[in-house]
Amino acid sequence: MKNRIVLMWGITGICLILTVVFWFLMNKTEVKYEEVTAVVVNTSSREVVNKKTHNRTTFYEVKVEYKGKEYELHNVHGLAGYYKGKSVKTFLSNNKLYANVEGIKSTSPIAIVYFIFLFGTFAMVMASATYMSKIKEKKLKNQ
């Protein structure tokens, strides 16, 4: 049983180290993009309510036109400054338009690996702590 706990915490540590490594790699990644000006065609927002927790999440959708083609603007955090007919600064990368450079960085392959290790680290911390507490509880019952 001790071996399993050591193994689980070891995997947790490795995940944490890899999370930090990929965080630095993600932030150093030079993304290719072109700063362009697009015209807002349509904006909308929708609110989703979680039935269990009653928490509300708002999703923002902005459609823009660039060179005669309509695009969905990715990584929009609010509708302030986006109204129909307004010219806005956007970032073109991989045939997609983004509201900011962070949106481009967060969708790169390195960022995806970073998020996998980040969530893996959280999952391993929870699993390791839970397993460890169950072992301790079992030991207390046997005494």
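Note down, for the range 54-102, the three equivalent ellipsoid semi-axes (square root of 5 times each alpha carbon gyration tensor eigenvalue), biggest first, whole angstrom.
Numbers: eigenvalues 85, 34, 19 Å².
Each semi-axis is √(5λ); the values are 21, 13, 10 Å.
Before I look further, what does the chain give for accessible area per residue, probe 1.4 Å, in whole square angstrom?
Working: 10410 Å² over 143 residues.
With all protein chains present, the chain gives 73 Å² per residue.
Using a 1.4 angstrom probe with every protein chain in place, what is the largest-first accessible-area order of T19, T37, T58, T29? Before the final figure, lay out the partial values.
Details: T19 10, T37 90, T58 55, T29 35 Å².
So the residues, ranked largest to smallest area, are T37, T58, T29, T19.
Carbon and sulfur atoms: what percent of the 1.4 Å accessible area of the chain do they account for?
Working: 6160 of 10410 Å².
Reported share for carbon and sulfur atoms: 59 percent.
Calculate, for A129 and N55, the FRET efficiency according to 1/(1 + (r/R0)^6) with r their C-beta to C-beta distance and R0 25 Å; round to the nearest 0.05. List each step's numbers first, then the result.
Numbers: r = 25 Å, r/R0 = 1.01.
Given R0 = 25 Å and the Cβ-Cβ separation, E is 0.50.
Between S108 and V39, take the C-beta separation as r, use R0 = 22 Å, and let me know the FRET efficiency to the nearest 0.05. Mind dumping the intermediate values first?
On the way: r = 27 Å, r/R0 = 1.24.
According to the calculation, E is roughly 0.20.
Can you give the charge dipole size of the range 7-90 about its Cα centre, rounded to the nearest 20 debye, using +1 on the beta carbon of Lys and Arg and -1 on the beta carbon of Asp and Glu? Don't jump to the answer; show the numbers that get you there.
On the way: 12 positive and 8 negative charges, 55 e Å.
It comes to approximately 260 debye.
Classify the range 11-60 as rounded, prolate or oblate, taking a ≥ b ≥ c as the square roots of the eigenvalues of its Cα gyration tensor: rounded when a/c is under 1.5, otherwise prolate if a/b is larger than b/c and oblate if not. If you can, show how the numbers build up before the last one.
Values: a/c = 7.39, a/b = 1.21, b/c = 6.08.
Oblate, since a/c reaches 1.5 and b/c is not below a/b.
Could you work out the relative contact order of the chain? I mean the mean sequence separation of Cα pairs under 8 Å and 6+ apart, divided by the number of residues, in percent. Could the numbers behind the result be given before it?
Details: 191 pairs, mean separation 43.8, N = 143.
The value is 31 percent.
Using only the Cα atoms of the range 37-81, each taken as one equal point scatterer with no solvent, compute I(q) by the Debye sum, divide by I(0), and report log10 of the ratio at q = 0.30 Å⁻¹.
With one equal scatterer per Cα and no solvent, log10 I(q)/I(0) is -1.06.
Ratio to report: Rg/Rh of the chain, with Cα atoms as the point set and Rh obtained by the Kirkwood method; give two decimals.
1.19
Hey, got a sec? Which GluC sites (Glu not before Pro) in the range 7-47 land in a DSSP loop and have at most 16 other Cβ atoms within 10 Å? Mind dumping the intermediate values first?
Working: sites: E30, E34, E35, E47; in loops: E30.
Listed in order of number, the matching sites are E30.
In terms of Cα to Cα distance under 20 Å, which lysines are near enough to K69, apart from those fewer than 8 places away along the same chain?
Straight-distance partners of K69: K84, K86, K89, K96.
Name the lysines eligible as straight-distance cross-link partners of K138: C-alpha to C-alpha under 16 Å, and not fewer than 8 places from it in the same chain.
Partners found: K2.
The values are calculated or read from the model by the stated rules, or taken from the named source; none is laboratory data. Keep in mind that what you see is a predicted model, and the values were worked out from it rather than measured. All Cβ positions, even for glycine, are placed from backbone atoms using ideal geometry, and neighbour counts span all protein chains on display. Accessible surface areas use protein heavy atoms only, side chains included; no ligands, DNA or RNA. Shrake-Rupley method; radii C 1.70, N 1.55, O 1.52, S 1.80 Å.
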